[in-house]
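J.: What follows is a structure written as structure tokens; I'll ask about it next.
The values are calculated or read from the model by the stated rules, or taken from the named source; none is laboratory data. Quick caveat, the model's predicted, so the values are computed rather than measured. FYI the Cβ positions are ideal-geometry reconstructions off the backbone, even for glycines, and counts take in every protein chain you see.
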Amino acid sequence: MAEDKVIDMCGLFCPEPVFRTKIEIEKLQTGDTLTVTADDPEADSDISRWISRSGHEVLEKSNDGDKVMFKIKKVK
């Protein structure tokens, strides 16, 4: 069964949200998911670019103005 890990990176600023997302996704098995919440103004674009470059899949994304949330599936 796929695991869903959740990390809250609110209060952290560039480059921490991307670095920590990368570290946490590396700990997961293929098919597991990672839900990331961040409030850094650059997190939306930074994490989106990293996901695209790394080949993982965005299952869900939301932005409430102050916070962005990604649900990422580890593909490889």
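J.: Within the range 10-29, how many residues turn out to be modelled with pLDDT under 95 and among the hydroxyl-bearing types (Ser, Thr, Tyr)?
T.: Residues that pass the stated criteria total 0.
J.: Mind checking which strands (runs of 3 or more DSSP E) fall wholly inside the chain and carry at least 2 residues that are surrounded by fewer than 16 Cβ atoms within 10 Å (Cβ to Cβ)?
T.: 4-8, 57-63
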